[in-house]
1. Which ones in region A:23-52 are in contact (Cβ under 8 Å) with a residue 40 or more places away in the chain, open to solvent by 20 Å² or more (accessible area, probe 1.4 Å) and within 13 Å of chain B (Cβ to nearest Cβ)?
2. Would you confirm, using the coordinates I've provided, whether B:Leu286 is within 14 Å of another protein chain (Cβ to nearest Cβ), open to solvent by 20 Å² or more (accessible area, probe 1.4 Å) and touching a residue at least 24 places away in the same chain (Cβ under 8 Å)?
3. Within region B:186-215, work out how many residues are under 17 Å from the mean Cα position of the chain (by Cα), assigned to a loop (DSSP other than H, G, I, E, B) and modelled with pLDDT of 95 or more.
4. At least 3 residues that are buried (at least 18 other Cβ atoms within 10 Å of the Cβ) and over 25 Å from the mean Cα position of the chain (by Cα) in each: list the helices (runs of 4 or more DSSP H) lying fully within region A:103-185 that qualify.
5. Would you confirm, using the coordinates I've provided, whether B:Phe276 is of a type in the set (A, V, I, L, M, F, W, C) and either touching a residue at least 40 places away in the same chain (Cβ under 8 Å) or within 14 Å of chain A (Cβ to nearest Cβ) (or both)?
6. Identify, please: which residue in region B:344-361 is in contact with a Ser or Thr (Cβ under 6 Å, 6 or more places away or on another chain) and in contact (Cβ under 8 Å) with a residue 60 or more places away in the chain and is, among those, farthest from the other protein chains (Cβ to nearest Cβ)?
7. Pull up region A:307-343, narrow it to residues that are among the hydrophobic types (A, V, I, L, M, F, W, C) and surrounded by fewer than 24 Cβ atoms within 10 Å (Cβ to Cβ), then point me to the one that is farthest from the other protein chains (Cβ to nearest Cβ).
8. Taking the stated definitions as given, is A:Lys364 within 14 Å of chain B (Cβ to nearest Cβ), among the charged types (D, E, K, R) and out of contact with any strand residue (DSSP E or B) (no Cβ under 9 Å at 6 or more places or on another chain)?
2 protein chains.
Amino acid sequence: MWDVAEDLNAMLVFAEHRYYGESLPFGNESFSDSKHLNYLTSEQALADFAVLVEYLKTTIAGAKHSPVIAIGGSYGGMLAAWFRMKYPHVVVGALAASAPIWQFGDLVPCGTFFSIVTNDFKKSGKGCSESIRNSWNAINHLSSTDAGLQWLSNTFHLCSPLKTPQDASVLKNWLSETWVNLAMVNYPYKADFLQPLPAWPIQEVCKFLKDPSLSDKLLLQNVFQAVNLYYNYTGEASCLDVSQTATKSLGEMGWYYQACTEMVMPLCTDGVHDMFEPQKWDFDALSEECYRMWGVRPRLSWILSMYGGKNISSHSNIIFSNGGLDPWSAGGVTQNITDSLVAVVIPDGAHHLDLRSRSPLDPKSVQQARAMEICLMKEWIEKARHSH
Amino acid sequence: MWDVAEDLNAMLVFAEHRYYGESLPFGNESFSDSKHLNYLTSEQALADFAVLVEYLKTTIAGAKHSPVIAIGGSYGGMLAAWFRMKYPHVVVGALAASAPIWQFGDLVPCGTFFSIVTNDFKKSGKGCSESIRNSWNAINHLSSTDAGLQWLSNTFHLCSPLKTPQDASVLKNWLSETWVNLAMVNYPYKADFLQPLPAWPIQEVCKFLKDPSLSDKLLLQNVFQAVNLYYNYTGEASCLDVSQTATKSLGEMGWYYQACTEMVMPLCTDGVHDMFEPQKWDFDALSEECYRMWGVRPRLSWILSMYGGKNISSHSNIIFSNGGLDPWSAGGVTQNITDSLVAVVIPDGAHHLDLRSRSPLDPKSVQQARAMEICLMKEWIEKARHSH
C-alpha cells in the first residue's frame, strides 16, 4: 500500500476497528460484559468507516471528490469487500486480500483449511508433515503419566508446567495453532508479522522434522526445536507460553468475541487429508464455550444473511486476492465471479503477501498480482473521475 | 399487488415492520423509553426482512429457488429500495412506490413538498388554494380573543375546545396536515386509505372554498365544511379531534420516533410558492422536541451515510414510481438513474396509486405505469431463473 499510494498520489488512511487497539467505546469496561460488547459487530464497524470517510472528505482540503478504495487483509479484507457491497456510494472499489468471506455456513468444506496447512509442510521438507502427524500420539502417550507431563513441560520449556492430561490438550492446541500461523506467515523473506521469523520459515522448521519414525521423546524434542524457531527466533524468550501464539497487539479478545457472535467459521480435521488429530466441527461445543465466556451464543448463518454468501454477483469492483500457501484461501474467492468481481491467485503467497511492501525476494506471482490490482484500481479511479 | 401476483403465479408476503402493529419486541413496554426503542431502526427492519425471506424459502415447499421482489409504498417504498440496495442476494429487484428517498439532508429543496400540495388545490377549483392561504390569518385574528377561540371551537365542532392562542397553532397544524393528507389520497375513485373519501376528494373539498375574499368567519365556516368532508364523510363523527389526522392503525408512535432518529425530512413553507404560513425548516427545534419526547436526538445525515443519497448508481433493478399529485414525489426519484434504476412518473397519481387494486376509474397514466412495472419485474424474474 505504501508503494502504490505514492504512485497514485493517494492518501492512506488506517481506520482502527472499534474494540481493537485504542478504539474502546467504553474504555476499560469495553470487554466487561456482553452489554458493553453489544456494539462490537462488523456492521457497526462498516458504519464507522462510512462516517469516517465522509468526515475526511468534508474536512481535508482537496479530498471532497477523491475516489476512495477500501483495502484490507484477512478480516480486514472481508470488511473491505463487505464495505464495497454495503456502501458502494462511499468506496469505488475494494481490494480484499486473503479474505475468507466463504469460510461460513456450509459454503466450503470445513477441512480444506487444515489440508492447506498440511500441504505447506509436506512441500517444505521430507518427513515434515508426517513428523507432526505422529507428534500427537507421542504427546498423548507421555501425558498419561505425571513423569511424562513433567518431561513435556521441561522439553518444551513451558512457562507454566502441565499438571493434568487435560493440560496436554492445551499443549496440542497451541502446537496446532503454531503450525497454522507458520502457514499464514510463510513469506519468502525475513519478516515480523505474527512473530519475527526467517525467510520461508516452514522450510526452516522442517529442518528439525525430517524423521517421523523417531521414538516419542526424540520426535517431540525435534518438535520443540521447530516451535522454538517460531517463538524464539530472536533468542529472547526464556520460556514458552502455551496461552499465546501471536503478538498481543492483534487484539485477540475482540476477535474471540466476534467468533462467538457473527464470525462463526466451521473448521475440522480428519488426520488423513491433514496432519492434525481428527476433530469434527462442533457448533454446540462452540456455543457452550461462548455462553460460558461472554454470555452470548453464536449465530451460525448471520454472516450469510447479511453479506450474501456465494450470491454476490450483483456487486462490483472487488478484487479478491488469495495466496496458494495460505490456509485462509480455503474460504476465499479464487475464481472470477463477474468481470468486476475478480479473483487474483498468488500460488507462492502466504497470508495477504500482496499487501506487504515490495521486496527483491518477492516471487513473480505476487508481482503480477500487484500489477493486476493496481491496474484495476486505476480503472475504478478513472471511471469515478469521469462520472464525477 | 393482488392483481399482478395472480398473473405471475406469485406468493404475496406482507412483512410487518418491527414496532408497528402487533410486532412489538417488548410488548407493551416497547415504547416506554429510548432503551426499549433502541431497536427501532430501518436497518434492523431490513435485517428482519432478510431473515424472514430466508426462513420462508427454506420452510415453504417449492419456494427455495423462487426469485423474490420487494414491493412497498411510502416509507415501505423506501424500505423496498433500500432492501434491494443492501440485500441484493435476497431480492432480485424492488418496486419502490412513492418512496421519498431523497427527502433527506439537502438533496431536494425543502419547499417543494408543500408547493405540490398547493398545486393540487389550485388545480382543483377556482379560489381554493387562495381560500386556504387566507384562512391562517383569519384564525390568527380570531384566536387573539377568548370569544374568538370559543367561536373557532364551536365552528370546527372540536372535541376539546381551544383555550389559549397557542392552541390555535394546534388547530392550524391540524388543518395543514389535513390538506397534505388530502393531497396524498387524491385518488380518482372512492377510497378509504387514511379516511373514507369520495373520488377526487380535493375537488369535493374545493367546492366549499371558492371565495377567498370572504370575511374571516365566513371563510372559516367554509374551511370547516372542507375539513369536515375529510373527517366526516361517513357522517359518523360527532366532533373533530385536532390530535388526529389519520386512522390510528398507521402506527404514528413508531413513525414519530423514527422521525426523531433516522427519518429526518426537512420540510418548509414560504407562503408564496405554497398556500401555508411561512415556516423555515428548524432542525434545532425538532431536536429539542425529540429530546423532550423520547430522550433522543435526530441524526441529520445518517440516512445519507447509510443509503447513499443521490450516489446510488451502482445498484440495480429498482423501479421508483411517483405520482405527480403526490407531495412525496418532491423527494422521489423521478428520472432514470441507469438502465436498471428506473423512474416511472404517474402525472394523475396521488400517493402510491399504482400499488392499489385495478379500477375502471384508473387514469391511463397509472395503467401504463403498472404495465411498465410488470414488464420489468418479469424481466428480473426471467433473468434470475436463467442464472439459477
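1. Within region A:23-52, A:Thr41, A:Glu43, A:Phe49 meet the criteria.
2. Here the answer is no, as B:Leu286 does not meet what is asked.
3. So the answer is 2.
4. Passing ranges, in order: A:128-142, A:146-155.
5. Yes: the conditions hold for B:Phe276.
6. Among those that are in contact with a Ser or Thr (Cβ under 6 Å, 6 or more places away or on another chain) and in contact (Cβ under 8 Å) with a residue 60 or more places away in the chain, it is B:Asp348.
7. Only one residue tops the list, namely A:Ala330.
8. no
The values are calculated or read from the model by the stated rules, or taken from the named source; none is laboratory data. Here the structure is a predicted model, which is why all the values come from computation and not from measurement. When we count neighbours, we look across all protein chains shown, and the Cβ atoms used for this are built from the backbone with ideal geometry, even at glycine. Please note that ligands, DNA and RNA were not included when accessible areas were found on the heavy atoms of the full protein model with its side chains. Shrake-Rupley method; radii C 1.70, N 1.55, O 1.52, S 1.80 Å.
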